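The values are calculated or read from the model by the stated rules, or taken from the named source; none is laboratory data. Predicted model only: the values in this text are computed from it and were never measured. Note: ideal-geometry Cβ built from the backbone for every residue, glycine included; neighbour counts use all protein chains shown. Remember, those area values only see protein heavy atoms, side chains included, never the ligands or the DNA or RNA. Shrake-Rupley method; radii C 1.70, N 1.55, O 1.52, S 1.80 Å.
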Amino acid sequence: MKILVCISAVPDTTSKISLSSNNFVNMDGLTFITGPYEDYALSRAIELKEANPDSIEITIFHVGLDDAEPIIRKCLALGADSAVRVHVKANDSLQVAHEIAAFVQENPVDLILMGKESIDYNAGLVHLYTANILGWNHYSPVMNLAVENDSCLLKVESSVGSVQLSSSLPLVLGCQEPIAEWKIPSMRGIMAARTKPIVVRQAIAASSFTYERDEVNEQNRKGILFQRENLTELIDIIKKEVRS
């Protein structure tokens, strides 16, 4: 069984965020990490491999430039077998999904795992787009995953609670806690990761748009307290704001 785990490189939440002169986020000095939801996806893939070490192969997939190599090496140290990096800056969800799908069409896998969303843009669309391009079944956010032969037993969060279901492979899944416990690389894993292959591919998909400028709308808070019986005043103010 071949599992493809797609990871993103996102700013550490402890990093100080500032804007550059052209109003973009200043990347200098930021510390990047694997997206937390991707950590859950990888951890579950590793647990499946540990239970079936001779029958499961894990490949890491990342769309980004070479500064992400330390993040990829950490994933390999945790227990993944190999990695693929598409050498292009990831600008949007559709672009990333096309890169994943192109790789899978050339290198078939049984299961694609990724986070339910990245923690930088929080779009949560890559798994949906990827499944649509490949024509595969897709579920997100998945909180529990078990594999039995050619099908997966899933627990998926829904708007009314959670749903338990079974679906046949191949699948694309967006993962979240508590699907697995985060893993910490061992010294043995770190040493082994140094020799594991990272294949670099050229991009096949162009970004669907180009950033020109980011702007933040600063608005002063009104700080008005409304009593429950006077909510009509609030409605009147909202209507005036919309018209203006």
Quiz prompt | Phi to ³J(HN,Hα) by Karplus 6.51 cos²θ - 1.76 cosθ + 1.60 over the range 136-151, Hz, x for Gly, Pro | solution = 9, 5, 8, 9, 6, x, 9, 9, 8, 9, 10, 10, 10, 6, 9, 9
Exercise. With springs only between Cα atoms under 10 Å apart, run a GNM on the chain and tell me which of 130, 195, 210 wobbles the most.
Key: 210
Quiz item: Taking the alpha-carbon centroid of each part, what is the distance from the range 156-184 to the range 103-154 in angstrom?
Solution: 10
Self-check item: Anisotropy class of the range 70-208 from Cα gyration tensor, a/c 1.5 cut
Solution: oblate
Exercise. Roll a 1.4 angstrom probe over the protein heavy atoms and tell me the percent of accessible area of the range 27-137 that is carbon or sulfur.
Key: 47
Quiz item: Hey, what D do you get for the range 1-125 in µm²/s if you plug the Kirkwood alpha-carbon radius into Stokes-Einstein at 20 °C and 1.002 mPa s?
Solution: 141
Quiz item: Just the accessible area for residue 117, please: 1.4 Å probe, Å², rounded to the nearest 10?
Solution: 50
Practice problem: Determine the sum of side-chain charges near residue 36: Lys and Arg each +1, Asp and Glu each -1, restricted to other residues whose C-beta is under 14 angstrom from that of residue 36. | Solution: -3
Quiz item: Rounded to the nearest 20 Debye, what is the dipole magnitude of the chain about its Cα centre when Lys and Arg each give +1 and Asp and Glu each give -1 at the C-beta?
Solution: 220
Quiz item: Between residue 240 and residue 212, what FRET efficiency follows from the Cβ-Cβ distance if R0 is 41 Å, with the result rounded to 0.05?
Solution: 0.80
Quiz item: If you work out volume of the Cα convex hull per residue in Å³ from the coordinates, which of (1) 229; (2) 187; (3) 132 do you get?
Solution: (2)
Self-check item: Cβ charges +1 (Lys, Arg) and -1 (Asp, Glu), total dipole of the range 1-77, debye
Solution: 100
Quiz item: Going by average Cβ neighbours within 10 Å, how do the peptides 6-14, 76-84 rank, with the highest at the top?
Solution: 76-84, 6-14
Quiz item: In deg cm²/dmol, rounded to 500, what helix-only [θ] at 222 nm does the chain give when every DSSP H run of at least 4 residues adds -39500 (n - 2.57) and the total is split over its residues?
Solution: -8500 deg cm²/dmol
Quiz prompt | Low-density loop positions, trypsin sites (Lys or Arg not before Pro), the range 1-78 - DSSP coil, at most 12 other Cβ in 10 Å | solution = 16
Quiz item: Taking the range 1-73, which chymotrypsin sites (Phe, Trp or Tyr not before Pro) meet the DSSP loop condition and have no more than 14 other C-beta atoms within 10 Å?
Solution: 24
Quiz item: In Å², what does the accessible area per residue of the range 1-128 work out to with a 1.4 Å probe?
Solution: 44
Practice problem: Give me the percent of DSSP beta bridges within the range 1-95 that run antiparallel, rounded to the nearest 5. | Solution: 30
Quiz prompt | Compactness of the range 53-130 - radius of gyration and Dmax, Cα, Å | solution = 12.7, 37
Exercise. Please give the peptides 132-140, 94-102, 235-243, 198-206 ranked by average Cβ packing (other Cβ atoms within 10 Å per residue), highest first, as a rough proxy for protection.
Key: 94-102, 132-140, 198-206, 235-243
Self-check item: Heavy-atom accessible area order for 209, 226, largest first, 1.4 Å probe
Solution: 209, 226
Practice problem: Please list the non-local residues whose amide H lies under 5 Å from the amide H of residue 33, H modeled 1.01 Å from N, same-chain partners needing a gap of 5 or more. | Solution: 10, 12
